[in-house]
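Trainee: First, the structure itself, so that you have it in front of you.
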Amino acid sequence: MIARSEPPCRTCGRGLQGVQVSASRRSGTTDELGPDEPGRDGSDGSDLLAALLDGMDAALCAFDADGVVTHWNREAERILGWSAAEAVGRHGLAGWAVRSADAEEVEARLMSAMHAPGRQVHEFALLTKDGGRVLVRTQSAAVRGPDGKPAGVYCAFSEVHVQIDLERSIALSEALFEDASWGVVLVDADLRPAVVNGYAARALGTGRTSVLGRPLGELLSQGVEELESALTHVLAEGAPPAPAEMWVGVRTPEGEKRRCWRSGFLRLASPLAEEPVPLGVGWLFQDVTEAKQGEQEASLLRFRAQQLHRAARAAAECEDPAEAATVHLDFALAGFADHALIDRVAGGALSDVETLGPVRLVRIAATPSGAPGPSRIAGRAGLPVRYDTGHPALQCVERAGSVRASAGAAPAQEARAWALARQWPADTVHALCAVLRSRGRTLGVVTFLRGAGRSAFERSDAMYAEDVAVRIAMALDLAGSAGPAGEG
């Protein structure tokens, strides 16, 4: 390991001749090169070894079989403050790198690695040059000579807190990608998933390996542009100050699902580069669809309850009960539908037995179809509306319950024809009819209409329409008229 005939190198502690002899023996050659032989300078190997040792991120020292320090690199100097010139050549660590009281135990444990298989890991408290103490974790192993016998010990060490920080980082990374209760996706600079955890794979409706390297557009049907814009911003500007909530459409084997993900982003940069080099983006998200839907439903219920309250207060100030009915209609329309109609049963209110026969309906109020404004009372002609058999309004009277209808995803021309055939404004795509009932009798129907810019009516919408219909029915019953002219 060390040629005693020459002075050791101050950095690596090896004699030049020793390096050359060891190299020739490992290569199987029999000639030993002299340092003065032209063209074959033996210092090259020593300089290379010194450069390698000094460039290591870990502190490194080595001892020969007698316990003399032979190697001491720059990281060891940084941690303890002792230079290579001060360390190399010392016998043991007692009195300068280790307290004298602890030296015997520390050196015994270090040197025991010379006769033990593999590596040994220990933790010691070492002394710095300025008298401080630093706890280090060491890995030591035997160094074999050319004959295969132990010739010394090398020891790599680092500060314990640095090692613990590294282990924590590795443990955190493994935990995030194995056990995290939220999605974790590492996106490369090309905006493609590089690593995903189990939660994220389930949220994307695919496996952990099948998602890798695929464009986000193949995984999401909606919200791709917004997500890619956020990732690009993070790569360029860094992490945003707060999480963002994004609605996306996920393609799954069961079909497309609309989900809301609360997402946070982190820019990833290489810690080994002199200047920050972006490696991609860490995307963490949690599915908050149910919570958001609950919030939206609660907010909608509060708004609708306020509208009903305001409508009741306004209707109470109307002298004409028919006008009070239109007030309820106008307040219900806000945020709920685009148009609304009120049709009365021709000839007066019907009992449940009378609804078994043909029913005719007369328009008594409608919202303007061309521009926003209050509902208008229909004229006094009292002519029945030309509803065909099976019209949703007639079905509503026959069933004494709500009826929903929709043109669905039909082309615009077909949807227009569908609406006109039912005597509704041409831009109608969705309809909801609620029966007007008061004192056990059917007075008519209130119809709410939505255009293509709104979603179809749902069950919760029908419940709200029924609440409005009850108030309209009471006002019309109070008016005591069976037609628009106020006939009894």
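The values are calculated or read from the model by the stated rules, or taken from the named source; none is laboratory data. As the structure is a prediction and not an experimental result, all values here were calculated from the model. Note: ideal-geometry Cβ built from the backbone for every residue, glycine included; neighbour counts use all protein chains shown.
Trainee: Report those strands (runs of 3 or more DSSP E) wholly inside the range 325-433 carrying at least 3 residues which are in contact with a Gly (Cβ under 6 Å, 6 or more places away or on another chain) and either modelled with pLDDT under 90 or surrounded by 16 or more Cβ atoms within 10 Å (Cβ to Cβ) (or both).
Mentor: Per the criteria, 339-345.
Trainee: Would you tally the residues in the range 287-340 being hydroxyl-bearing (Ser, Thr, Tyr) and touching a residue at least 40 places away in the same chain (Cβ under 8 Å)? Lay out the reasoning, then the answer.
Mentor: Taking the range 287-340 first, the residues hydroxyl-bearing (Ser, Thr, Tyr) are 289, 299, 326.
Filter once more, keeping what is touching a residue at least 40 places away in the same chain (Cβ under 8 Å): 326.
So the answer is 1.
Trainee: Have a look at Ala194, Ala151 and point out the one that is under 30 Å from the mean Cα position of the chain (by Cα) and in a strand (DSSP E or B).
Mentor: Ala194
Trainee: If you don't mind, there's one more thing I want to ask. Just checking, which of Ser112, Ser100, Ser24 is surrounded by fewer than 17 Cβ atoms within 10 Å (Cβ to Cβ), among the small types (Gly, Ala, Ser) and at pLDDT below 50?
Mentor: After applying the criteria, what remains is Ser24.
Trainee: Continuing with this model, one more query. From the set of residues in the range 84-103 that are touching a residue at least 12 places away in the same chain (Cβ under 8 Å) and in a loop (DSSP other than H, G, I, E, B), which is farthest from Thr128 (Cα to Cα)?
Mentor: Gly89
Trainee: Could you tell me which residue of the range 434-444 is farthest from Asp338 (Cα to Cα), considering only residues that are part of a strand (DSSP E or B) and in contact with an Asp or Glu (Cβ under 7 Å, 6 or more places away or on another chain)?
Mentor: This residue is Ser438.
Trainee: What are the pairs, 6+ residues apart or on separate chains, where a residue within the range 71-83 that is assigned to a loop (DSSP other than H, G, I, E, B) has its Cβ under 7 Å from a residue that is surrounded by fewer than 16 Cβ atoms within 10 Å (Cβ to Cβ) and of a type in the set (A, V, I, L, M)?
Mentor: Asn73/Met56
Trainee: Anything in the range 167-197 that is of a type in the set (Asp, Glu) and without any contact (Cβ under 8 Å) to a residue 40 or more places away in the chain? List them, or say none.
Mentor: Glu167, Glu174, Glu178, Asp179, Asp190
Trainee: With the checklist (1) within 19 Å of Leu333 (Cβ to Cβ); (2) touching a helix residue (DSSP H, G or I) at 6+ places or on another chain (Cβ under 7 Å); (3) small (Gly, Ala, Ser) in hand, flag the one item Ala410 doesn't pass.
Mentor: Result: Ala410 fails condition (1) only.
Trainee: For residues that are in contact with an Asp or Glu (Cβ under 9 Å, 6 or more places away or on another chain) and crowded, with 17+ Cβ neighbours inside 10 Å, scanning just the range 117-150, find the one that is nearest to Gly81 (Cα to Cα).
Mentor: My answer is Val136.
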